[in-house]
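The values are calculated or read from the model by the stated rules, or taken from the named source; none is laboratory data. Given the structure is predicted, the values throughout are model-derived calculations rather than measurements. Glycine also receives a Cβ, built like all others from the backbone with ideal geometry; neighbour counts cover every protein chain displayed. Keep in mind that these areas ignore ligands, DNA and RNA; they rest on the heavy atoms of the full protein, side chains included. Shrake-Rupley method; radii C 1.70, N 1.55, O 1.52, S 1.80 Å.
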Amino acid sequence: MASMMQPQIILLKEGTDTSQGGAQVVSNINACTAVADIVRTTLGPRGMDKLIHDDKGSVTISNDGATIMRLLDIVHPASKILVDIAKSQDSEVGDGTTTVVLLAAEFLKEAKPYVEDGVHPHSLIRSYRAAGNMAIQRVKELAVSIEGKSLEEKKSLLAKCAATTLSSKLIGGEKEFFASMVVDAVLAIGNDDRLNLIGIKKVPGGTMRDSFLVNGVAFKKTFSYAGFEQQPKKFLNPKILLLNIELELKSEKENAEIRLSDPLQYQSIVDAEWNIIYDKLDNCVKSGAKIVLSRLAIGDLATQYFADRDIFCAGRVTEEDLQRVAAATGGMVQTSVNNVIDEVLGSCEVFEEKQVGNERFNIFSGCPSGQTATIVLRGGADQFIEEAERSLHDAIMIVRRALKNSTVVPGGGAIDMEISKYLRQHARTIAGKSQFFVNSFAKALEVIPRQLCDNAGFDATDVLNKLRQKHASGANYGVDINTGGITDSFANFVWEPAVVKINAINAATEASCLILSVDETVKNPKSESAQGEAAAGAMAGRGGGAMRGRGGRGMRRR
């Protein structure tokens with residue numbers, strides 16, 4: 001009786017929201033499934049696009065998983081894990097972002113009935129981890145290397161990988177055109193890993209086919225002063241001087257004061273100022289450079305001075321473009337024009353200013369270092385060009401990864417069906433409950449070919465049955481998007497780098513295990529509101545004090 005009279009122990013602050021146990025795991029699984037349902041329809045060549053409209057009024061049309069997940073602003077704590085794996089897949093390999101979200105959600109969906117039946121989540125996690133490791137091992141065994149091929153063969157193989165990536169994008173209709181452009185751009189930067197060496201410039205107008213690749217650097221004409229039009233617009237083998245200094249008359253700082261004893265001294269001060277700028281300009285001319293680029297402003301005096309001496313100049317060039325010009329031409333950015341030696345000057349075969357649509361572009365081509373490339377994208381609507389840029393980013397990442405890890409696997413759901421068959425066969429050799437869990441993992445992998453069929457409007461059950469029958473005899477068959485049947489993915493050049501699949505399975509398995517291991521969510525609204533009140537109080541204190549200080553003393557109280 002005494003034990004019943006004991007007061008209840010209060011552990012957490014009043015108002016704390018806690019939910020725990022199996023119900024919490026199921027709730028997290030449902031939230032993740034809801035997120036996956038949003039991006040589900042964007043998978044594959046027949047995937048649909050999403051139009052995302054934010055409170056600022058900007059509109060984004062995309063079918064890139066990572067972009068959609070980032071713009072959705074998901075607030076559910078468990079679902080945020082899916083956003084993170086989509087981002088990690090995007091930064092690591094660039095493609096397969098929708099795949100990784102779908103796989104993670106499907107693994108959780110398959111685990112849900114077991115959790116509801118009272119199976120301990122750690123039993124599932126153990127089996128999932130083992131199955132994930134086996135799946136990755138199997139991908140590595142099935143991957144085909146493209147090492148040791150000639151450059152032409154390699155280019156054609158890389159173009160096939162890029163085309164497979166682009167086929168599911170908005171610019172899929174011109175995938176061959178863009179695939180070869182992407183391969184040339186990636187090969188141009190050689191072994192350098194910096195992605196910003198490939199510039200993508202967007203110019204509205206024209207058709208997609210008007211897009212072109214510059215083996216060098218291209219950037220939009222910068223703000224220019226009078227005298228600019230008198231400068232030559234084309235040079236052959238010019239020397240290029242890159243600067244990080246202003247070439248204009250500087251206005252004095254505020255409150256600058258000079259005391260003169262004689263009015264004639266004033267002229268000497270003015271002359272000194274002009275001499276400084278003319279010395280700088282003379283040094284630029286003496287260096288032998290025919291093109292002068294600066295990150296800071298080049299004023300009207302300098303522009304006219306260079307025009308009179310047949311020198312081209314551009315001020316306020318962005319940091320990124322200046323660094324790419326330096327990488328391409330072999331020049332070095334200078335912070336002084338004194339003692340400019342030949343070693344710091346860059347060079348290129350041809351420099352010209354060209355009209356592209358409504359814009360004028362400065363184009364440096366035939367660069368000796370050749371460590372950079374620029375893709376100039378054309379198209380109708382701004383949203384279309386933005387999406388084309390995102391698509392090309394995915395393709396560039398894929399080609400870079402395929403060059404580094406030169407193994408490919410068949411796409412179109414073929415590799416997923418093969419791993420699924422392999423894991424099902426393995427599951428039969430396991431005794432105990434684990435057999436069910438590995439089987440569920442294998443079944444979840446079939447979501448990729450099934451979704452490809454659903455998005456294209458085919459009968460998924462019929463196609464999957466045909467695929468299972470083919471894979472039982474060990475063939476590389478995947479979904480044929482054009483006919484609604486099945487096709488040999490390898491023979492039809494539907495390829496993707498093995499690293500995409502390995503990363504996707506790894507990330508999806510990790511995410512699903514992490515979500516399954518969470519059995520309690522604690523949310524403390526009090527602390528959140530307390531922080532909000534403290535911030536509001538601080539603002540009031542600051543603003544109120546200022547008002548009091550201003551009006552309180554000077555105004556008579558009534």
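Quick notes on this structure:
- Mean Cβ count within 10 Å, highest first, over the residues of peptides 238-247, 295-304: 238-247, 295-304
- In this calculation the C-beta distance from S473 to E352 is compared with R0 = 56 Å, giving a FRET efficiency of 0.40.
- Of the cross-linked pairs K233/K280; K160/K202; K155/K404; K220/K280, those separated by over 18 Å at the C-alpha level are K233/K280; K160/K202; K220/K280.
- Packing, taken as the mean count of other beta carbons within 10 Å per residue, orders the peptides 506-513, 36-43 from highest to lowest as 506-513, 36-43.
- The residues W274, W495, sorted by heavy-atom accessible surface at 1.4 Å with ligands and nucleic acids left out, run W274, W495 from largest to smallest.
- Surface exposure of the chain, expressed per residue as accessible area with a 1.4 Å probe, stands at 50 Å².
- Paramagnetic label zone (point 7 Å from Cα along Cα-to-C-beta, Q24; backbone N under 20 Å) in the stretch 109-141: 109, 111-126
- Computed over the stretch 137-239: relative contact order in percent, which uses C-alpha pairs under 8 Å that are six or more apart: 18
- Taking 0.36 nm per residue of separation and subtracting the current Cα-Cα distance, fully stretching the chain between E359 and W274 would add 27.2 nm.
- P(r) for the stretch 103-197, from all Cα pairs and a bin width of 5 Å, is 2, 10, 13, 13, 12, 12, 11, 10, 9, 6, 3, 0 %, short bins first.
- Computed FRET value (nearest 0.05) for Q137 with N244, which takes r as the C-beta separation and R₀ as 51 Å: 0.50
- For the stretch 138-280, the spread of Cα positions along the three principal axes, ordered from largest to smallest, is 89, 36, 34 Å.
- About the centre of its Cα atoms, the chain shows a dipole size close to 1180 debye [charges on the beta carbon of Lys, Arg (+1) and Asp, Glu (-1) only; nearest 20 debye].
- By average C-beta atoms within 10 angstrom, highest first, the peptides 374-381, 229-236: 374-381, 229-236
- Nearest-10 value in Å² for the accessible area of R138, using the 1.4 Å probe: 50
- Taking the protein heavy atoms of the chain in the context of the full set of protein chains, the accessible area attributed to carbon and sulfur is 51 percent at 1.4 Å.
- Rounded to the nearest 10 square angstrom, Y266 shows an accessible area of 130 square angstrom against a 1.4 Å probe.
- Crossing angle, helix 414-427 versus the chain [Cα axis fit, 0-90 degrees, rounded to tens]: 40
- Taking every alpha-carbon pair under 8 Å whose residues sit at least 6 apart, the stretch 30-179 reaches a relative contact order of 23 percent.
- The chain: relative contact order as a whole-number percent, Cα under 8 Å and 6+ apart: 25
- Scaled to the globular estimate 2.2 N^0.38 Å, the Cα spread of the stretch 333-484, given as radius of gyration, is 1.75.
- In Å², nearest 10: area of K160 left accessible to a 1.4 Å probe: 50
- log10 of Debye I(q)/I(0), alpha-carbon scatterers only, for the stretch 162-230 at 0.29 Å⁻¹: -1.35
- Cα-based shape type of the chain, given that a ≥ b ≥ c are square roots of the gyration tensor eigenvalues and the cut on a/c is 1.5: oblate
- Given R0 = 25 Å, the distance between the Cβ atoms of H120 and V75 translates into a calculated FRET efficiency of 0.30.
- Extension gain from F212 to A297, taking 0.36 nm per residue of separation minus the Cα-Cα distance: 27.6 nm
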